1. Among the candidates ALA81, ALA75, ALA98, single out the residue that is of a type outside the set (Lys, Arg), loosely packed, with under 14 Cβ neighbours inside 10 Å and modelled with pLDDT under 75.
2. Here are some residues: LEU203, LEU210. Which one is out of contact with any Cys (no Cβ under 8 Å at 6 or more places or on another chain) and within 23 Å of GLY90 (Cα to Cα)?
3. Among the residues of region 355-385, write down those that are in contact (Cβ under 8 Å) with a residue 12 or more places away in the chain and touching a Phe, Trp or Tyr at 6+ places or on another chain (Cβ under 8 Å).
4. Only one of VAL136, VAL108, VAL155 is assigned by TED's automatic domain parsing to the domain that holds LYS304, buried (at least 23 other Cβ atoms within 10 Å of the Cβ) and under 30 Å from SER499 (Cα atoms). Can you tell me which?
5. Of the conditions (1) surrounded by fewer than 18 Cβ atoms within 10 Å (Cβ to Cβ); (2) outside any loop (DSSP other than H, G, I, E, B), ASP437 clears all except one; give me its number.
6. Going by the structure shown, is TYR475 over 26 Å from LYS432 (Cβ atoms) and either at pLDDT 85 or above or touching an Asp or Glu at 6+ places or on another chain (Cβ under 8 Å) (or both)?
7. Would you check which residues across region 229-243 are surrounded by 16 or more Cβ atoms within 10 Å (Cβ to Cβ) and in a loop (DSSP other than H, G, I, E, B) and list them?
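The values are calculated or read from the model by the stated rules, or taken from the named source; none is laboratory data. This structure is a prediction, so every number in the text was calculated from the model and none was measured. Every residue, glycine among them, receives a Cβ derived from its backbone with ideal geometry; neighbour counts consider all protein chains shown.
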Amino acid sequence: MEKNTLLAVVLSVVVITVGFMLQNVFFPAPAAQQSTVAVQDTTPAETQDQNSGNTTGQVSEQAPADTTQTSQSAASGIIDAASGFVPWDGENQPPLSAAPVIENNHFVVTFSTRGGTVASIKLKEHLDNGQPLEMVQKGKSDINAFELYFGDNNVKPLQDLMYYSKPDENTIVFYRNFKIRGDESGAYFTLKKTYVFKPNDYLLELKVALENSVNQYLPFNYNGYSYTLGYGPQIGPYAEKLNGRYEYRRYYTYSNGKRINNKLKTNDEQSLTNSVSWSAIVGKYFTVIAIPDSTNYKVTFSNKQVEGVNITSQMFLSRPLIKSSKNEDVYRFYVGPKLKSALASYDKADKNGFGVQDLNLEEVIDTSSILGWLEWILLQILQISYKVIPNYGIAIIILTIIIKTLLFPFTHKSFESTSRMQALTPKINELKEKYKDNPTKMNTEMQALYKKENVNPMGGCLPMLLQMPIFFALYGLLNKYFQLRGAVFIPGWITDLSSPESILSLPFTIPIVGWSDIRLLPILFTLTMILSNKMMKNPSTEAAGGDSMKMMTTLMPVMFFFIMYNSPSGLLLYWTLTNVITVIQQKYISKKLISKKS
């Protein structure tokens with residue numbers, strides 16, 4: 001392999017490796033204000049079903065330790081949430097721990113009467129291991145989606161059972177009366193959580209209504225916030241780990257026409273007090289987006305560890321003080337795929353059931369800021385190919401053939417230039433030996449030789465470097481194109497082009513690398529790369545480069561093997577086929593050059 005060509009390939013390896021490490025660092029995170037408040041226990045003493053984790057509705061009459069402070073606070077109409085609230089049903093029977101369900105064309109939503117929360121949101125049209133994808137990943141924890149905290153997210157959520165009614169098939173209302181623990185005045189407040197769905201929307205509406213029984217401010221004030229609504233502890237699909245390439249969680253906010261990536265460290269939390277149009281937890285293919293009303297909520301993102309959950313990604317909306325006796329806040333949540341067709345429907349009122357517009361939810365979709373235009377062109381070719389033969393594996397093959405055909409002039413020029421440089425190797429070595437004590441004279445003579453033979457020493461490198469933008473654009477496209485998720489190429493082997501394939505699952509994990517599957521595509525990719533390198537070798541070049549040259553030509557495929565072992569099968573399919581076509585083109589060009597010489 002000619003040295004300049006080798007240099008270009010080594011440079012490509014370095015660029016690719018660094019690119020993988022930096023692809024999540026394109027946008028610097030803005031400074032965020034960290035909320036530091038003490039955690040206080042606000043859960044009333046209550047009997048709990050040890051098997052189900054639901055409260056039975058029996059409330060302890062035990063008063064808080066400082067009853068004098070509680071009474072004084074109650075008299076003023078404001079109470080610290082840490083003092084606690086207890087259900088007050090009057091003569092009504094306590095609610096039952098039933099699990100109501102609502103279903104539309106996109107969701108199957110299972111509720112919990114414990115706090116009027118959502119225990120499960122399954123996406124009917126999107127599968128995970130053959131089952132509807134779960135968007136409330138709670139592990140072994142008792143945390144549900146849409147938990148309500150009287151205060152900010154540092155207090156314990158409401159755990160009491162609530163009554164519910166279903167005014168229609170798309171609406172469910174949870175409600176219950178509460179009073180301040182230790183307050184004997186008879187005053188209470190009513191909490192209502194109303195969930196509204198539409199038949200054809202990934203959007204849902206949640207109304208949180210609070211009303212005091214007396215004409216006084218609602219008794220909530222914890223660190224300047226009345227209550228907090230949370231989503232967590234994790235969105236779907238389930239992931240063993242988040243490596244930043246093949247699955248990730250990002251935290252976006254959108255304000256004043258600009259999306260901001262709020263970066264969290266491990267076991268971290270960030271709070272934003274500036275007004276936002278929406279906030280989102282974003283995965284590779286799915287997202288949860290919170291669209292609040294015009295109130296200036298504090299948005300908190302957290303990946304702090306939660307017992308019973310492998311990895312957490314939580315979002316909280318904290319409501320500023322309510323200075324009235326009655327209040328209702330309206331939230332909307334998009335829970336679904338990162339599909340532009342679904343997200344963009346909330347930009348036009350006549351395209352969705354809620355009549356909302358200009359939400360710009362499609363801004364959660366990750367695109368290349370530099371090569372987005374090239375990704376778009378390649379996507380059009382892929383989609384046209386899929387229309388011809390509706391199999392995305394075959395569509396990738398067609399795309400690969402088209403790209404290699406278009407790039408053939410560059411490949412031909414690169415290989416031809418490399419061959420000419422290889423032919424000049426003996427003369428170059430003579431000049432090096434002759435002028436080894438005079439580098440200036442040696443360089444002058446070598447330039448004269450290149451000019452006489454009409455050879456550009458960088459001719460083998462530049463065509464390869466020109467192909468790098470296409471490589472990166474294809475990596476971006478095939479690594480995140482939604483339609484490849486779950487797309488089957490070869491049944492029984494490549495069953496999901498967005499995930500690594502497997503020919504054998506091991507009963508153990510290989511140490512150091514952490515692999516638990518044997519994959520065929522990375523092996524085929526490496527072998528075809530070795531074959532391509534072997535065809536480009538020249539004995540005189542190899543002799544000039546010595547053992548280091550031989551080592552590098554072997555080391556590069558090995559490096560790629562480890563880097564790309566867990567890559568999506570669609571991406572490896574493209575690369576493997578590219579190597580095969582390259583080998584065929586090299587054989588064709590070699591025969592053509594030999595026939596010219598003869």
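1. Answer to the check: ALA75.
2. On the way: LEU203 fails: within 23 Å of GLY90 (Cα to Cα).
Within the list LEU203, LEU210, the selection yields LEU210.
3. Of everything in region 355-385, those that are in contact (Cβ under 8 Å) with a residue 12 or more places away in the chain and touching a Phe, Trp or Tyr at 6+ places or on another chain (Cβ under 8 Å) turn out to be VAL356, LEU359, ASN360, LEU361, GLU363, VAL364, SER368, SER369, LEU371, LEU379, LEU382.
4. Numbers: VAL108 fails: buried (at least 23 other Cβ atoms within 10 Å of the Cβ); VAL155 fails: under 30 Å from SER499 (Cα atoms).
On inspection, the qualifying residue turns out to be VAL136.
5. Failed condition: (2).
6. no
7. If the condition is that a residue be surrounded by 16 or more Cβ atoms within 10 Å (Cβ to Cβ) and in a loop (DSSP other than H, G, I, E, B), then GLY232, PRO233, GLN234, ILE235, GLY236, PRO237, ALA239, LEU242 are the ones that fit.
The rows are residues; the columns are (1) at pLDDT 90 or above; (2) among the hydroxyl-bearing types (Ser, Thr, Tyr).
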| residue | (1), (2) |
| --- | --- |
| THR194 | yes, yes |
| LYS198 | yes, no |
| ASN212 | yes, no |
| GLY224 | no, no |
| PRO233 | yes, no |
| TYR252 | yes, yes |
